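Asks: Please read through the structure below; I'll follow up with questions.
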């Protein structure tokens with residue numbers, strides 16, 4: 001698979017997130033106009049069947065998505081993995097003993113087949129160089145009937161919203177991100193990756209290639225964020 005034009009090697013991605021870790025949660029809330037919390041709450045509510053016993057959160061970052069799952073449901077086993085040591089430090093402070101947190105660079109996941117009832121990931125796909133390999137690994141570690149929960153920033157399709165979002169991505173996001181985080185590179189990468197990333201329909205095709213059959217798509221905030229729930233065949 002051809003690497004996306006905006007993609008960076010994983011060591012650069014790790015460096016970017018290590019640098020902005022201290023401001024990451026604040027900026028996510030500020031830049032999304034406080035919509036990020038409602039996106040996570042809705043994603044978890046829609047994806048749970050309440051029968052799940054285990055969860056793996058990939059690219060767990062500061063642990064906010066995994067925390068929302070743990071707040072809404074009691075899991076017997078919860079694991080979060082990330083490539084950034086600084087992000088995992090934040091996640092450990094947030095989650096304490098509620099989850100096991102591991103440093104992992106992938107692309108292979110360090111788990112046996114069919115270990116988890118839910119595999120979740122939020123705002124991670126745009127940082128990947130091989131999305132199909134990532135989806136195949138998620139499918140492999142899911143138990144039969146398990147759900148792969150993807151929350152991702154996407155591009156609106158309605159003309160008026162597209163025009164507003166274009167200005168937001170090209171001016172507001174990089175400027176505010178640089179001012180508050182001190183890293184121009186990090187938020188320029190975020191802007192570029194959103195604009196050039198696959199459309200939702202395209203990465204749904206990759207999910208099908210990875211073995212997922214039942215796929216549900218939920219658009220949020222006019223298409224700025226999209227929830228995809230892909231189920232592994234029982």
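Values in this text are rule-based calculations from the coordinates and carry no lab data. Computed from a predicted structure; not experimentally measured. Counting neighbours? That spans all protein chains shown, and the Cβs are built from the backbone with ideal geometry, glycine included.
Asks: So if I restrict to the alpha-carbon atoms in region 94-161, what is the Rg, and what is Dmax, the biggest pairwise distance, in Å?
Replies: Here Rg and the maximum Cα pair distance are 14.7, 47 Å.
Asks: Express the Stokes-Einstein translational diffusion coefficient of the chain in µm² s⁻¹, to the nearest whole number, given a Kirkwood radius over alpha-carbon pairs, 25 °C and a viscosity of 0.890 mPa s. Don't skip to the answer; put the middle values down first.
Replies: Numbers: Rh = 17.8 Å.
Estimated via Stokes-Einstein, D reaches 137 µm²/s.
Asks: Moving on to the next point. Using only the Cα atoms, work out Rg/Rh for region 6-127, with Rh taken as the Kirkwood radius, to two decimals.
Replies: On the way: Rg = 14.0 Å, Rh = 14.9 Å.
Ratio of gyration radius to Kirkwood radius for region 6-127: 0.95.
Asks: What translational diffusion coefficient, to the nearest whole µm²/s, does region 57-100 have by Stokes-Einstein, given a Kirkwood radius computed over alpha-carbon pairs, a temperature of 25 °C and 0.890 mPa s viscosity?
Replies: On the way: Rh = 10.1 Å.
So the translational diffusion coefficient is about 243 µm²/s.
Asks: Angle between the Cα long axis of helix 85-95 and the longest principal axis of the chain, 0 to 90 degrees, nearest 10?
Replies: 60 degrees
Asks: Still on this model: Sort 168, 203 so that the residue with the fewest other Cβ atoms within 10 Å of its own Cβ comes first and the one with the most comes last. Please list the in-between numbers first.
Replies: Working: 168 17, 203 20.
With the fewest neighbours first, 168, 203 line up as 168, 203.
Asks: Note the angle between two axes, namely the Cα long axis of helix 131-141 and the longest principal axis of the Cα atoms of the chain, as a number of degrees from 0 to 90, rounded to the nearest 10.
Replies: For 131-141 against the chain, the angle is about 30 degrees.
Asks: Which angle from 0 to 90°, rounded to the nearest 10, does the C-alpha axis of helix 184-196 make with the longest principal axis of the chain?
Replies: 70 degrees
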